[in-house]
Structure formats: structure tokens, C-alpha cells
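The next block holds one structure in the form of C-alpha cells; read it before the comments.
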Amino acid sequence: MPRSLFHDFNKSSPVQRVVARGATALVTIITMASGAHAQDQNNPTVLERLTISGDQGTDEKKDSETVTAKSSAGATKIKTPLIETPRSISVITRKELDERGAQDIIEAVRYSAGVTTGAYGFDPRFDQIYIRGYDTTTIGDYKDGLRQPYMNYGTFRTEPYTLERVEVIKGPMSVLYGAGSPAGIINKISKMPTEEPIREVGALYGTEDRAQAMFDFGGPVSEGNDQFFYRLVGLARNGETNFDMGDDRYLIQPALTWKPADTTSFTIYGLAQADETDASPVGITDLSGKVHELRGSDPDYDYQKVRQQQIGYLFEHEFDGGITFRQNLRYSHLDLRSRYLGVAGWTGTVAHRSATAVRDEMNVFQVDNQLEAKFDTGPAEHTMLFGLDYTNINSAFAYGFDFAANPAYDFDIANPTYGVSGPTPAYNWWDDTADLRQLGVYALDQIELDRWRFTVGARQTWAEQDRARRLVLFGTDTYERKKDDAFSVQAGALYLFDNGIAPFASYATSFQPVTSRSESGSILDPMKGEQVELGVKYQPPGTDILLSAVAYRIVESNKPVLVDPQVLTYRSLGEVTSRGLELEARAAVTDQLDLVAAYNYNHAEITGGTADVGNTPAVTPEHVASLWANYTFAEDTAAAGLSLGAGLRYVGETYKDTANTGKNKDNVYFDASASYDFGAMDKKFDGLTAQVSLRNIGNEKPLICNQGYCYLSQGRNVTASLKYRW
């Protein structure tokens, strides 16, 4: 409720009280009755009672019941209605994730405006995601407000079943988060303890022999307890996906919240996760240059095993006078082991292959301290945020390979046969260690002035990294230390009309330390960027409909581009400029019909720094569009309990490399989903639901070539699940 409304109550009401009951606030206003009775000292005082009730702080719960989120703290670290945020944000709610049956983060976000996936074909090792034409896979990955960082090769993976929502925040976010792509970040919000009991178990089966079991429990620790609440999410999956690529996962995610008072909360949470996928999805390119729909590696030899653990806490305390302190702290560990086969040479139709091995370890400590203050200056209402954050990452990376092809790994493309295995190569090429420390101080002022909404923020970041490399074969060592610092800014303005129309404008800059090495062995210069955004949002009052149209201009410099995958050296691409238009609709049109629609026009051009000036960056489509519709039959119809969804995705043609020597063709993909609530058939089955989800119904499997390497695309994929909630 706006503070101005409370100001009005204070002027007219001698007595007010607010009673908090769970997540609902009850406001009772007692005023002196007007008229003769109020004036008559001989009669008892007559009081008139006006009661206003409404939900306070329950947007997350509402979001689980609609595809249209109401608010987000991702863009400002202050919970703000989306219609009042001068920024382009796409929020994928729990309901939308469930409707579409999303099985990974790529599936979760690909119906959002400005988002493209599949730049490296089908690759279950990483969540390959681009926003507005810029890669955010390794530099835009956040969970619960803290970055899931990347140093050498491995990345932290997130299971969508463990999430409450996914937020795609467009544009530079360095002021608040210290790092990230100039096109934005993806912030994933975990399932946390709730005051309402949650009990859910489920099972899933699908392509290919993919078997999964999961559970989600939460609520008060004990009956009648109003201080301690818990959440426990678990999942076990075994099986393969398309092209015999493994996708095994086992995880447990516990969390416990202590709320000793309405003004204080402390949540401790953890994650233990083990993943195993294949390590090389690359297709085979023969001597003529033809790319075959055959994997260059072997499913029996190939693996990538990742173990990751996280433990952290969220603390919040509200002081008197509108002051709130928050601390968000997390420690993360990642251990990766992988091996695969690659083509080293040819004899006719026979590919001679050799083995490669990779080891990557990473330890990450992060803490974000926030102090929020609410105050007024004349007619302007301020919510001021001050922050201090610190990140420390240390990693160890090793790489090795066979110096000659092994005849046991020969592969005849005229008679393709898989099923070979053998030893893992020693880490005989290099052994790297690295340490990155980053400190930032930031401030953001969110201002309400009548119907105007302003945000103004700035940040100073200091980053220092040390890298040591030992060339094992030659016994030589190199060491480099690099220091970077940057001043980042952001500003936005929005005007909120009574009819729900809200035009806005924003400007922001980004800064991202680069950990990649050049061919000379030096660490590349940091990436920098800026964005100007003009747009309008529309939310008809009282509806679950949010529409937006945005025009933007982004300039990015010093993006690293892979030069040699054998020794993992990079070069700076130079400067890339993108100009685009983005349209999005997320709407619960009726109680039965949900619509999610998106379109992005993006004209990207290399504008400086390399011989490719004037060209389009690789795998950057000019046109991307999607539409998802879900219809749930009403309770009074013969099909009560049935829900049907259908979607299409269009990805335009892209260039295969920055030299623009060839193109990947455009494609249209069709998806569908159907679910049934057995409670509509008989009340004794309340909480039991079944769902079938189909992805890429047409089995389109284009080959995607990116800077000289070609990858297979995922074909048709089907999953069927059964869940019971009570």
C-alpha cells in the first residue's frame, strides 16, 4: 500500500490499527461519528468502523497461480510492481513452468521476449542462453540474487523443479550485481519455506528412457509452530535424451526459516547435486565439409560428471524508522570431470579419433549486504538502497589429451557403430590455478513523485585476479595478475497513468571482468557495455494482463571469442552494436485461458575492433517469435479437469561465423502439453494430476554451425508425469 495512503489516514483518523494474520493484513480504521451524538457529552460516544482487508506480501503465492507476475525485486533489489519498474523484465512464474512442463532452464526461458537458445545446438552440459543477441550463458547466470560464476569451463546448473520463478532482467545490471552481460541477467528464485503446508510427490518418464522421481515438502516444522518453517525439495533422474546424450541428476535442496518476530527472518538453505551428461555434442564434418547427423564422440566413452554443493543464508531485520538490513551469503563448490573423443584425421570414410580429458574445480564465497531506508523529501517518497558486496573465486583447471589417434577409436561414417571405451588421458597439457576477488559498493534511489517513478543508481567495482599456468609437457610456468575497476550507473523514469499505461525510459552501463587468456597468454581486457531503452507497459487495472513494447540500443566492447579450442585461447571481438524492438504479452485472459507471446527484432552489427567490422555476429538471429496458449476447461463442462496447451517458436536464420561466410537456416518448432486433474472426476482424487508434454513435435533437427564447429539440434522430445499434492 503506498505510504501516501497511510498519510491520508493519519490526517483524518485518530485511531488506526493493523493486525497481521499470516500473509494477510487487516486494517481497521475507527473514527468519531459525525452529527449530534458525537457532540452530545451526555450520550455514549458512537464509533463508526471501516475495515479494509487485503493481501500483503503474497505476490509469490499469486504468481504460482497465474502466468502474469505482479512484482519483482530483481531489477532494483527492492520489491516493486512490474508495471512501476522502468525496466524491461520477463518473469516466468511457477504456473507457466508447470503448464509447459519445462525440464531445464533453456525450456523455461525460451518463450520470453528477446531470448534465444540453441546457439550450440543441443548441448545438455550448459544452459546456452542469449538475450538480445548477447551470450549470457556464463556471465548472466544468477540464483537468489547472487551470481553463479564461471572461470574456466564448468558452470553451476539449476534444476527448474527447485524454482519458484525465473526472472529475465534486460539490460546492464552492474550497478546492483557487479557483473553481467550488457543485455541482462537471468535470476532464478528458489523454492523457500512457506507458512502454508506443501506436500507433493511425482514421477516422470520420457525421451529417451528418461525416468525421474521428485518431491517437494514444506510448511511449519510442527503443528501450531509460528516461528520455524521448512522446505525440502528432492529429485532423482536417470536416463538419456536425444542422440544418446546422458542427462542424469540427483539433488536434495533443504531450507529452514526462523521468524522470531514480524520484523526479523533468517533462512538457511543448502543444495547437494550430482549431474552426469555427455561431454561432446559436436557432429562429424567429413573431408568434403559435409556435416553428418552423427556424433563425433562415443556415448559409451563420453561423460561429464559434475558435483556441486551450495550452502547459504538470507537474513533480514526491519528497524524502527523505515530502516531494513539484509544480508545474502553463499558458499558454493563445483567439481567437474569430463572426457570425450574428437576427430584427429581421416582415411577415406574412417575418422581417426583421439581422447581428451578435462578437470575443473571451483570454490566461491559471496556476500551481499544491503541497507534499505524509506524517507520523504517534500512530495517525493524515497526508498534508498545502499550495498556492499564481495566475491572470492578460486579455481583449478587441468587439460590433457592423446597426442596421437587411437586405432581402437576409429569410426567409419559409412558404417557407423558406437560402443567403444578406453582409458582417460592424463592431464598432460596444462594445469591452471586462478583466484578472482571482486568488491563493490553501490547505491540506488527509488523515487515516487505523484505518478512518476524514478530510479537512479551508481556503483564502484574493484576486481583483481591472479592466474598461474603450468605447461606440464614442457615443465614451464607463467603467472599474471590483472586489476580492473569500473564505475557503473543506471537511471530510469516511468509515468503511471490511471488506465494502466506506463511509458518509461532507462539507461545503464555494464562491467564484466574477463578470465579468458589471449594467444599470448595475457588475460583479456574486461567487457563493457551500455544500453538505452525506451518502452511502454500496459496493465489494465484489476487484471492479470501485462503487455510491453520496448526499443533498445546496446553497445558491447571486448567480448571474448574462442580462437583455439584445443588450448582455449581467445581474442576480443571488438565492438558490437545492437538495435532492436521487443514485444511481449503475458496474460491470464480469462480464468480458463492463458497467453504468452513474444517477438524480437534485433539488428546486430560488429562496429569496431576487428576485420569483421560491418558484419553480423555469429548465431545472432534478426527475428525471433513465440506464442504459447493454454486453455483449462471450466468445472461445469464435460471436459472439467482437462488443460490443453500449444506453442510455436520461430528462430530466424543466422550467420555461421563473424566472417559471415554462410548461414544456418531459420526454423519453426511446435510444442504442446496436456494435463488432467483427477479431482474433477472424483473428489477422492483431489491433488492427483497427470501431464504429457511434447517439444519439437515436427522433429526439426537443424545443424547449427558456430565459428567453425557444428552441433546437432535436439529432435522430438516427450515426457509424461504424474503428481500428487495434498
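The values are calculated or read from the model by the stated rules, or taken from the named source; none is laboratory data. Predicted model only: the values in this text are computed from it and were never measured. Positions of Cβ are backbone-derived with ideal geometry, glycine not excepted, and every protein chain shown enters the neighbour counts.
Among the residues that make up the stretch 594-608, is at least one of them crowded, with 20+ Cβ neighbours inside 10 Å, at pLDDT below 95 and within 25 Å of L581 (Cα to Cα)?
First, pick out the residues of the stretch 594-608 that are crowded, with 20+ Cβ neighbours inside 10 Å: 594, 596, 598, 600, 602, 604, 606.
Subset that is at pLDDT below 95: 606.
Cutting the leftovers down to within 25 Å of L581 (Cα to Cα) gives us 606.
Taking every residue of the stretch 594-608 in turn, at least one turns out to be crowded, with 20+ Cβ neighbours inside 10 Å, at pLDDT below 95 and within 25 Å of L581 (Cα to Cα).
Considering only the stretch 317-369, how many residues are over 31 Å from the mean Cα position of the chain (by Cα) and of a type in the set (K, R)? So the count comes out to 1.
Only one of the listed residues (F243, F266) is over 19 Å from L712 (Cβ atoms), surrounded by 15 or more Cβ atoms within 10 Å (Cβ to Cβ) and more than 23 Å from the chain's Cα centre (by Cα). That residue is F266. One residue is enough: does the stretch 494-509 have a residue meeting the conditions free of Cβ contacts under 8 Å to residues at least 40 places away in the same chain, part of a strand (DSSP E or B), of a type in the set (S, T, Y) and closer than 21 Å to S181 by Cβ? The answer is yes, given that some residue of the stretch 494-509 is free of Cβ contacts under 8 Å to residues at least 40 places away in the same chain, part of a strand (DSSP E or B), of a type in the set (S, T, Y) and closer than 21 Å to S181 by Cβ. The strands (runs of 3 or more DSSP E) located wholly in the stretch 281-322 that include 2 or more residues which are within 23 Å of P254 (Cα to Cα) occupy 303-319. Of all residues being part of a strand (DSSP E or B) and touching a helix residue (DSSP H, G or I) at 6+ places or on another chain (Cβ under 9 Å) in the stretch 172-211, which is farthest from G224 (Cα to Cα)? Just the residue, please. So the residue we want is I185.
Here's the yes/no breakdown for (1) out of contact with any Lys or Arg (no Cβ under 8 Å at 6 or more places or on another chain); (2) modelled with pLDDT of 95 or more; (3) of a type in the set (G, A, S):
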| residue | (1), (2), (3) |
| --- | --- |
| E65 | no, no, no |
| L82 | no, yes, no |
| P86 | no, yes, no |
| T93 | no, yes, no |
| E107 | no, yes, no |
| G118 | yes, no, yes |
| E159 | no, yes, no |
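Kindly provide the set of residues from the stretch 676-726 that are farther than 17 Å from R100 by Cβ and among the hydroxyl-bearing types (S, T, Y), ordered by number. Across the stretch 676-726, the qualifying residues are Y709, Y711, S713, Y724. Selection of the stretch 140-155 for residues being surrounded by 23 or more Cβ atoms within 10 Å (Cβ to Cβ) and under 11 Å from the mean Cα position of the chain (by Cα) yields G140, D141, Y142, R147, Q148.
Of all the listed residues (F397, F403), the sole one being within 33 Å of the chain's Cα centre (by Cα), more than 18 Å from L329 (Cβ to Cβ) and of a type outside the set (A, V, I, L, M) is F397.
Y427 passes every criterion in (1) touching a residue at least 24 places away in the same chain (Cβ under 8 Å); (2) surrounded by fewer than 18 Cβ atoms within 10 Å (Cβ to Cβ); (3) part of a strand (DSSP E or B); (4) hydroxyl-bearing (S, T, Y) apart from (3). Of all residues in the stretch 386-407, one or more are surrounded by fewer than 16 Cβ atoms within 10 Å (Cβ to Cβ), under 30 Å from V489 (Cβ atoms) and either among the hydrophobic types (A, V, I, L, M, F, W, C) or at pLDDT below 95 (or both). When each of F229, F215, F243, F266 is tested for being among the aromatic types (F, W, Y) and either in a loop (DSSP other than H, G, I, E, B) or touching a residue at least 60 places away in the same chain (Cβ under 8 Å) (or both), the lone residue that passes is F243.
Can you work out which of the residues in the stretch 460-484 that are among the charged types (D, E, K, R) and exposed (fewer than 14 other Cβ atoms within 10 Å of the Cβ) is modelled with the lowest pLDDT? Only one residue tops the list, namely D477.
Which residues, counting only those in the stretch 363-382, are part of a strand (DSSP E or B) and without any contact (Cβ under 8 Å) to a residue 60 or more places away in the chain? Steps first, please.
Step one: list which residues in the stretch 363-382 are part of a strand (DSSP E or B), which gives 363-377, 380-382.
Within the stretch 363-382, N363, F365, V367, N369, L371, A373, F375, T377 meet the criteria.
In the stretch 538-644, counting only strands (runs of 3 or more DSSP E) that sit wholly within it, the ones holding 3 or more residues that are under 26 Å from the mean Cα position of the chain (by Cα) and under 26 Å from N152 (Cα atoms) span 545-557, 560-564.
Looking at Y552 and the list (1) at pLDDT 95 or above; (2) in contact with a Pro (Cβ under 8 Å, 6 or more places away or on another chain); (3) of a type in the set (F, W, Y), which single condition is not satisfied? Failing condition for Y552: (2).
If we scan the stretch 149-156, do we find a residue that is in the same structural domain as Q531 (by TED's automatic domain parsing) and either in a strand (DSSP E or B) or in contact with a Lys or Arg (Cβ under 7 Å, 6 or more places away or on another chain) (or both)? The answer is no, given that none of the residues of the stretch 149-156 is in the same structural domain as Q531 (by TED's automatic domain parsing) and either in a strand (DSSP E or B) or in contact with a Lys or Arg (Cβ under 7 Å, 6 or more places away or on another chain) (or both).
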